[in-house]
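Asker: Just passing along the structure, written as structure tokens.
Every number here is computed from the coordinates shown, using simple stated rules; none is lab data. Everything quoted here is computed from the prediction, not taken from an experiment. Ideal geometry is used to build each Cβ from the backbone, glycine not excepted, and the neighbour counts take in all protein chains shown.
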Amino acid sequence: MKVAMLLAPGAGGGRDHPTLVAVEDAVAPVPVERVELPGRAPTAVKAVAAAAQALCDRTGVAADRVVLGGRSFGGRMCSMAVAEGLPALGLVLISYPLHPPGRPAQLRSEHFPRLALPCLFVSGRRDPFATVDELEEATSAIPGPVMHLWLDGGHGLRGGDARIAAAVKGWVAAVGEGGPRG
């Protein structure tokens, strides 16, 4: 079945971030839209919804067949949009910023219980925005199936683009066919 993908960068990053480009190349021929987001959460969540609708209009893919996600802030905004009711097939969350570095009590996971869809989290084992234990504990609140891919490195996941892209490609293909969803 036909699937499309919307990807957003982290704060301060652009739509041409190498990780996003690598994912787009890997999932071809799946149509991908890489978007820029404004810097504040309420406006960025609305921008995700508008970009997803534009992607559906352009490709003819139904909203519930679109995989949303991206790096850090971009992925977080996509997950918030889904929690607010935006239909999607799944979420790909690369370097999810669970909390600000050094402030683990300021969790950004209050919307996780409203994510009733497959989620792929790709994170560094030394990410100051979320330790392995912190992210695994927080994602246990997600009712949809969750898969974690842990890579060496920190928040930037330097040198990991090929592995990230390959993992996303396999996961999107499986979810798109209704296969393994977690």
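Asker: Measure nothing fancy, just the Cα-based angle from helix 72-83's long axis to the longest principal axis of the chain, in degrees from 0 to 90, nearest 10.
Answerer: 60 degrees
Asker: For Arg34, enumerate residues with amide H under 5 Å from its amide H, sequence gap 5+ or separate chain, H modeled in the peptide plane.
Answerer: Placed amide hydrogens put Leu7 under 5 Å from Arg34.
Asker: Lys and Arg at +1, Asp and Glu at -1: add these up for the other residues within a Cβ distance under 14 Å of Leu107 and post the number.
Answerer: Its environment carries a net charge of -2.
Asker: Something else: Comparing Arg125, Arg158, Arg76, which has the greatest mean-square fluctuation in the GNM of the chain with Cα pairs linked when under 10 Å apart?
Answerer: Evaluated over the chain, the most mobile residue of the options is Arg158.
Asker: How would you order 15-25, 97-107 from highest to lowest mean count of nearby Cβ atoms within 10 Å?
Answerer: 15-25, 97-107
Asker: What ³J(HN,Hα) values, in whole Hz, does the Karplus curve 6.51 cos²θ - 1.76 cosθ + 1.60 give for the stretch 159-164 when θ = phi - 60°, with x put for Gly and Pro?
Answerer: x, x, 4, 5, 5, 4
Asker: Say we join alpha carbon atoms closer than 10 Å with springs in a Gaussian network model of the chain; which of Cys119, Cys78, Cys56 then has the biggest fluctuation?
Answerer: Most flexible of the set in this elastic network: Cys56.
Asker: Can you tell me, using C-alpha contacts under 8 Å and at least 6 residues apart, the relative contact order of the stretch 91-182 as a whole percent?
Answerer: 31 percent
Asker: Now a separate question. Between 0 and 90 degrees, rounded to the nearest ten: what's the tilt of helix 41-59 against the longest Cα principal axis of the chain?
Answerer: Result, in degrees: 30.
Asker: Given C-alpha coordinates of the chain, what is the ratio Rg to Rh with the Kirkwood estimate of Rh?
Answerer: That ratio equals 0.92.
Asker: Now for a separate question. For Thr131, what is the net charge nearby, where nearby means another residue's Cβ is under 11 Å from its Cβ and Lys, Arg count +1, Asp, Glu -1?
Answerer: -3
Asker: In debye, nearest 20, what is the charge dipole magnitude of the chain about its Cα centre with +1 on Lys and Arg Cβ and -1 on Asp and Glu Cβ, if you could check?
Answerer: 180 debye
Asker: Please report the antiparallel percentage of DSSP beta bridges with both residues in the stretch 1-93, rounded to the nearest 5.
Answerer: DSSP beta bridges in the stretch 1-93 are roughly 0 percent antiparallel.
Asker: Please determine, in degrees from 0 to 90 and to the nearest 10, the orientation of helix 18-27 with respect to the longest principal axis defined by the Cα atoms of the chain, where the helix direction is its Cα long axis.
Answerer: 40 degrees
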